[in-house]
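Participant: One structure, pasted below without further comment.
The values are calculated or read from the model by the stated rules, or taken from the named source; none is laboratory data. None of these values were measured; they are calculated from a predicted model. Here Cβ is always computed from backbone atoms with ideal geometry, including for glycine, and neighbour counts include all displayed protein chains. For accessibility, only protein heavy atoms count, side chains too; no ligands or nucleic acids. Shrake-Rupley method; radii C 1.70, N 1.55, O 1.52, S 1.80 Å.
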Amino acid sequence: MFSPRTPVGRGRPSPFTHSQSRSVKISSTTPRRNLRSQSNLAGQSLHTSQFLEETSQHRIEAFGAPLPVLITEALNLSDRSTTEITACIDPSGWAWLVGGRKLFVWRYKSSGNSRTVQCKELMLPPSDLAHSAERVCLIPSENDGQPAACVAVSPEGIVRYWPNIAFESSTAEISAELRGEECAKVINFQPHGCLLATTTSSLLLLEPVAGQVSIQCKPLKASQGLFSGLSKRMSSFIFGASPLQTNGSPLQTILAAPEDEYDDDDDDEEGEDRRSFYVLSGNNMSKWQIPSIGPEKLLYQIDAGRMFREGLARKVWDQDAIQMPQLKSWLLDLQLTREGIVMLGAGVNLDAAHVVYYALAYFETYEDANPTNISDLVLLDYTQKYTEESEDHLIEYKLLLPSDSSNVVFVYNNSSILMLFENSTKLDKMDFKTAGDSILGAGRSSGAAVFFSNSHGMFSVTPPSSDLSILDESNNQAICLSRSELSSMVINMSKMAELTESDDNKTKLKGAFIASISGDQGQALSTVDEILQLTRQDSGGQRSELDKIVAGVSKDLIDDYPNADPRWAESNKQDSTSSTSSVIITQQLRDKEKAHDFFINFLKKYGLWNKLNVVGIRGSVMPTRLLLCEHVEKVQAAIALRELHAEHHKIVNTCMNQALKQRQVSVPPSLTPQDMFYREVSAINEITEFILSWEKDYLVSDQTSHNIVSTVQAVNAILESMLHHALKYRQTHTDMYTGSNEDIPEYIPWSATNSMRKIIIEQIGISLQKGISESREIDVQGVLFQNIVGLADIVMDGYASQLKSLQCHPDRAEDYTKLEREFERERHKIITSLLEHKQFDRAASLSEKFEDFEMLMRICDTTNNHERLQRYHVHYAGKGFAQFMFNWYTKEGKRGHLLAQPVAQEDELSTFLDSDNMKYLSWLHEIKRGNFLSAHKALNDLASKETNFLSKKKTLLSLSKLAALASDVTDDMVQDNIEEINDDLDLILHQELLPTETLENVGMDPENMRVLSPKELIELYVGERNTNPNELDVKKALDLLRHVGRASEEVDYEAMKLHIWCRAILMDSWVDDNDEEDPLESNRSKIFFKTVDLVYMDNDLELLLPDLNQLLVAEELEDLRNEPKFEFLLKGGYEQIRNSLSLMD
């Protein structure tokens, strides 16, 4: 039998060291050699063994049955310099040790129907390389107590199979045909056999033949292509024998997924025979699946190394991994969790301090979909100095979880163990200091981490749980319970066993909770595991049985009967969790709060918290975590009501009796209505309806002003205190109840339901209409106004919470908009009522909290408080307050306020005024800033768009020209703009010079004309509307031709020019002229030729005078074309013009 190398009769020293540890000295402790002579451990609990060490952070104790003699001899007699010894611990209760070619297999856990410890020595296949326990796989018998089967593989790939280790000579031996590769690890993979992985990540399935001394070997490869469904024999016949499939990457580990992973897969008829496994090799992590029928499948392969590097770079150095080519990382090991897997990795930044960081990367892999990222990365509070020589030592750490739902993680190598608690980065480090001692193997059993040392045998490392209960890990730091109080909060152990063995899941959960409070963590863990198996959630994320029972236990806790009060003994509630030890109602309520805090901590500690989703309530669904928070909020409301009960006993007693009557609760003779009412905390909100109803009945009766005001104050105090304490708890415990899933359903707090919202709003109205109007003292009015603010804060917070939850549901945009309008309406109504009573500070407090920018502007404008306005501008800078303020000033017509903004806001104002509908103010702002060029551009843009008022356009153009001249900018663009402005002003001058009679003929007011286009002006000068035209009018029309090309309208320049000359001809009579002596002399009086003289004087004759033939064929002159005299006069006139021009030349 194994015993440590210490004198018999003395307590052996601890093999571990810890900076804060204290060795537990047990004087009666005897070495294991004597333990067996004193008692037979085979029939006892595994945990009835001696302590090795206990500190505030860990407890180490010998584990399992005493070591068989064969094992102790192998440990004591082997030559460590030549023989490598390794061990494995299997959860089934079996363990094995390998030294040389010897394999020792024994049971460390009692089989129940065997009185002796089973131990067998087996011979491994011959090999030139060292054997390892990792190349051995034990297959436990389905009948506990029967010998197991065993598979062992040599490094070269010789497979030896024992169908029954009781018959060591009955073996089968085959070659795995590794083709030069080396076997690295063999794991149990029932119901399919065993999995073999080589050091270069090739995979094989070892399949024992049922009922025969025979085993088969099958290489695993990913199914691909057209022939992926062919059997191995057929594919070999067609293509020849295929070599092993390998990616060549070094193997870190291979890990089998739980056998029940696919139990809830309704779509798979063979779901119970499918099983998957994970392979970690190099930087890749892959997931395979082997069904009972059909080929194996590679479900996915991810670059876990890249994901780990990215997460570590961001976590440690706050950089992107792509920017850190010098970052060196390693993936070390894998373990299962309830959500998937956790991976141990390490990394070092070679360009910085050579420090190796270790981290745990969590992946959600239970769905067969490819995980695209790490769900959580936990950096360990443990580093080591890096050197190339020590690299192999630095990355030899392995990972161990006591169970899939464990809240403790172990990282270990052959000389030290690190224990990490969930939700903490602080490590507890245990080092082996005994010379020659080291860890030979590790595993898990019965929810405990178990290690095997060559000097100390098998031992477990756990948190110090003998006196540790969930009380010691409460979330509420203010809670302090003595052990005497604890004893009154839990039931006796027989009753606890009754609860945990019940068929009702809610009762089971109560039993597990009580077990955790009592310190029986093993019982609590096993019960929780059982509940999780029975209430497994579907993948759709709908309401589950687990959510229902957790919500039920939570409600039972706050509605619990105070069994410590002897008056309640007759209630005889069998499933009461006894959450209070007091007979005083207020203390009973506080005890319920404490008990509920323990319950929350229990859910988190045992892995239930993150599995909660939604639960049905009030005809809808709510996140279960928030419902648990609601339960404590109601406890807070009940405590607040109880503290005001004596002061307002008349109101509370009356309404309390009405609530009990509505519940149809009868009060036993030994109890009071108060006992009955405050016991059922979950229904505490019912009293608010009766309080408001009582108040309204009281106020309609004939009462004095004093009585009315005091009654309103009392009701305000009760409602505000209850709801404020509930809201305060909700706001201060947000982090405690927040879940990881942001996609929550619509959340309506109990204080924001339609009925409660109606009660609060109605009470605010009563306070304004009755309380304020009837009160005369300023201090009383101040109290009432503060009550109104408090109640308004509660109702608005309810709206805000509901709106925030609806933001997660784009499909409910219509509901969101409707609720938002309702919220804004009620907010506006309440704050406006405060403003009407000049309660500016109180109105501002609500407006600030709920971001009512409209009211904030009204408050600042009414009080002329520019300081406060600037404070809001800074505080709400990222929420569009500046834009709202500018719009508000514009809407209210306060343009002076808009343009009088401080210098710090000028850029924002410029951006606002740059919009099309604000351009008319932007030039004033730019002139104020001294930016004349921008003012010039804005004015010019406004002028170009002005078509309604000629005078306004003239003013804008003049100001634009003035701003351009004031800008002192002399570039070509500005000069071009000034020339265009001059042209526009010239066009305006032509419109202003239109004959008054002509304007009257077209119905235009000379003082209020619209802007006319060049074509319209030409028509007015030479058209029929001008009843008294002359050559000056025609000349002005010709001058307007140069503006035709600039106008946006499309006009034929030549056609328009011809039209003007035709109109000039038609202004005179050409047929009735009777000057017989010199007919051509009459041309001097013709407007046409007078216009020619004017054009000639401007040197534009060649440009503007049309060709004679064009005039003679013009359609407008069709009536004159056939008149010989007209043609004569016109040709004669043109001949005289040519003669005059030739004489001048």
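Participant: Kindly check whether there is at least one residue in segment 916-926 that is at pLDDT below 75 and loosely packed, with under 15 Cβ neighbours inside 10 Å.
Facilitator: Here is the first cut: in segment 916-926, the residues at pLDDT below 75 are 916-926.
With the extra rule that they be loosely packed, with under 15 Cβ neighbours inside 10 Å, the set shrinks to 916-917.
So far as segment 916-926 goes, yes, one or more of its residues are at pLDDT below 75 and loosely packed, with under 15 Cβ neighbours inside 10 Å.
Participant: Okay, next question. Restricting to segment 693-749, give me the number of residues that are charged (D, E, K, R), open to solvent by 30 Å² or more (accessible area, probe 1.4 Å) and assigned to a helix (DSSP H, G or I).
Facilitator: Count: 5.
Participant: Here is a further query. Looking at (1) modelled with pLDDT under 90; (2) crowded, with 19+ Cβ neighbours inside 10 Å; (3) not in a loop (DSSP other than H, G, I, E, B), can you tell me which one Val409 breaks?
Facilitator: (1)
Participant: Which one is most open to solvent (accessible area, probe 1.4 Å) among residues in segment 169-199 that are part of a loop (DSSP other than H, G, I, E, B) and farther than 22 Å from Pro126 by Cα?
Facilitator: Pro191
Participant: Also, I was wondering about something else. Here is a check on your reading of the model: is Arg625 in a loop (DSSP other than H, G, I, E, B) and either at pLDDT 90 or above or of a type in the set (D, E, K, R) (or both)?
Facilitator: The answer is no for Arg625.
Participant: Sticking with this structure for a sec: Could you list, in sequence order, the residues of segment 845-896 that are among the small types (Gly, Ala, Ser) and more than 22 Å from Leu803 (Cβ to Cβ)?
Facilitator: Correct list: Ala877, Ala882, Gly893, Gly896.
Participant: Take the conditions part of a helix (DSSP H, G or I), at pLDDT below 85 and among the hydrophobic types (A, V, I, L, M, F, W, C) and apply them to Ala1064. Does it pass?
Facilitator: Yes.
Participant: Of the conditions (1) in contact with an Asp or Glu (Cβ under 9 Å, 6 or more places away or on another chain); (2) touching a residue at least 40 places away in the same chain (Cβ under 8 Å), Gln713 satisfies every one except a single condition; which number is it?
Facilitator: Among (1) in contact with an Asp or Glu (Cβ under 9 Å, 6 or more places away or on another chain); (2) touching a residue at least 40 places away in the same chain (Cβ under 8 Å), Gln713 violates only (1).
Participant: If we only count helices (runs of 4 or more DSSP H) wholly inside segment 812-875, which ones have 3 or more residues that are over 16 Å from Gly790 (Cα atoms) and either open to solvent by 40 Å² or more (accessible area, probe 1.4 Å) or not basic (Lys, Arg) (or both)? Steps first, answer last, please.
Facilitator: Working: elements: 813-836, 840-849, 853-863, 866-875.
Once the helices (runs of 4 or more DSSP H) in segment 812-875 are filtered for at least 3 residues that are over 16 Å from Gly790 (Cα atoms) and either open to solvent by 40 Å² or more (accessible area, probe 1.4 Å) or not basic (Lys, Arg) (or both), what remains is 813-836, 853-863, 866-875.
Participant: For Ser571, state whether it is buried (at least 17 other Cβ atoms within 10 Å of the Cβ), at pLDDT below 75 and small (Gly, Ala, Ser). Walk me through it before giving the result.
Facilitator: Details: buried (at least 17 other Cβ atoms within 10 Å of the Cβ): no; at pLDDT below 75: yes; small (Gly, Ala, Ser): yes.
No, not satisfied.
Participant: Taking Ser494 as the residue in question, decide whether it is modelled with pLDDT of 75 or more and either part of a loop (DSSP other than H, G, I, E, B) or over 20 Å from Arg590 (Cα atoms) (or both).
Facilitator: Considered against the rule, which asks whether it is modelled with pLDDT of 75 or more and either part of a loop (DSSP other than H, G, I, E, B) or over 20 Å from Arg590 (Cα atoms) (or both), Ser494 comes out as no.
Participant: If we only count helices (runs of 4 or more DSSP H) wholly inside segment 921-1028, which ones have 3 or more residues that are assigned by the TED database to the domain that holds Asp1039 and under 23 Å from His1059 (Cα atoms)?
Facilitator: 1014-1022
Participant: Let me ask something else. Could you say whether any residue in segment 315-322 is in a strand (DSSP E or B) and either open to solvent by less than 70 Å² (accessible area, probe 1.4 Å) or touching a residue at least 40 places away in the same chain (Cβ under 8 Å) (or both)?
Facilitator: No - not one qualifying residue is present in segment 315-322.
Participant: Same structure again: Here are some conditions: (1) farther than 26 Å from Tyr737 by Cβ; (2) modelled with pLDDT under 90. Thr654 meets all but one. Which one does it not meet?
Facilitator: It is condition (2) that Thr654 fails.
Participant: With open to solvent by 40 Å² or more (accessible area, probe 1.4 Å) and within 30 Å of Thr527 (Cβ to Cβ) as the only criterion, which of Tyr357, Tyr366 stands out?
Facilitator: Tyr366
Participant: State yes or no: is Leu331 closer than 28 Å to Pro402 by Cβ, in a strand (DSSP E or B), at pLDDT 90 or above and open to solvent by less than 60 Å² (accessible area, probe 1.4 Å)? Write out each step before concluding.
Facilitator: On the way: closer than 28 Å to Pro402 by Cβ: yes; in a strand (DSSP E or B): yes; at pLDDT 90 or above: yes; open to solvent by less than 60 Å² (accessible area, probe 1.4 Å): yes.
When the stated conditions are applied, Leu331 passes them.
Participant: Need pairs with beta-carbon distance below 9 Å; first residue free of Cβ contacts under 8 Å to residues at least 60 places away in the same chain and closer than 19 Å to Val1011 by Cβ and within segment 964-988, second in a helix (DSSP H, G or I) and acidic (Asp, Glu); sequence gap 6+ or separate chains.
Facilitator: From segment 964-988, the pairs are Asp986/Asp1039.
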